[in-house]
Amino acid sequence: MLDLMRYESRRRIRGTFVLAVLLGLFALLMIGLFPSISESGADFEAYIESLPPAVREGFGVSGAAITTMEGFMSTEFYGFVWLLLLGLYVTYTAGGSVAGDIENGQLDMLLAAPVSRAQVLLEKFLSLLTIIVVLNLLMPLFVYGGTMLVGESIDAFALVAVHVLSVPYLLACGAFGTLLSVTIHRADVARRGGIGALFVLFVLEAVATDTDYEWLGALSPTRYYDPAEILVEESYDLAGAAILLTATVLLLVASRVVFERVDV
């Protein structure tokens, strides 16, 4: 049981640790810049208010909050790197999970073994947990440790919460990529399609906020996970997390239906 998941996880583990180190170093760089920025006396509130509303909404930018470590990190790191770039990365990775094996002929050999398509699909999806779990375990250590090194403070509970609540979001991104992977049998097309679609949904959610078309933003997973609300306001959207988990299940069910019917 779960032999395929363990195999796929081992393939991902090295790249995941490299990614964790790179993101950790970037987080430390941002943390190291914070003391000089907070002491500069610049009028950040006026600067933030001059930004387009879509930018402020998309990355949770707040002039008043950016002068705190929580607000600064939610804007400079979590709002961009964790919410957007990591979501795109998980979607991209999932997009090639099945399509790549179909394209190179490995799926035929795999299905010749006593294993069902549903099991293959589920275990490939579960292997994404290597990325999600490792990054969410290591990154708080970088952030909290870096904050202590520069003599600043950050709410430990809110920091843990921002990572725990990112798990449903990243699972939903992975499930979306998986659906594309069983629908489009060219790995590059599935990966790029996933990146493009998720980015469009991100922009749509930001642009549609406070307009007559705000309901369109409900299609974007970014609506249900807001790092700034968690870190700055200590507001934990458990309902949003439940919606993302439900969406993950529905996307996986749809992926199974498509995968069971497709000719590989």
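Take the Cβ atoms of V133 and E39, set R0 to 51 Å, and the FRET efficiency comes out at 0.85. Where Lys and Arg each count +1 and Asp and Glu each count -1, what net charge lies around L216 among other residues with Cβ under 12 Å from its Cβ? That sum, taken over residues with Cβ under 12 Å, equals -2.
Sequentially through segment 219-231, phi angles give Karplus couplings (6.51, -1.76, 1.60; θ = phi - 60°) of 6, 8, x, 5, 5, 9, 9, 10, x, 5, 4, 6, 6 Hz, Gly and Pro residues having no value and appearing as x. Sites listed here are GluC sites (Glu not before Pro) in segment 204-264 whose DSSP assignment is loop and whose Cβ has at most 13 other Cβ atoms within 10 Å: E234. Place a point 7 Å from the Cα of L238 along the Cα-to-Cβ direction; which residues of segment 152-192 have their backbone N under 14 Å from it? Counting only backbone N, you get 165.
Over the chain, one equal point on each Cα, no solvent: what is log10 I(q)/I(0) by the Debye formula at q = 0.14 Å⁻¹? Here the Debye-derived log intensity ratios amount to -0.96. If R0 is 25 Å, the Cβ-Cβ spacing of Q106 and R10 corresponds to a FRET efficiency of close to 0.95.
No value in this document is a laboratory result; all are computed from the given coordinates. Predicted model, so just to flag it, every value in this text is computed and none were measured. Reconstructed Cβ throughout: ideal geometry from the backbone, glycine too, with neighbour counts over all protein chains shown.
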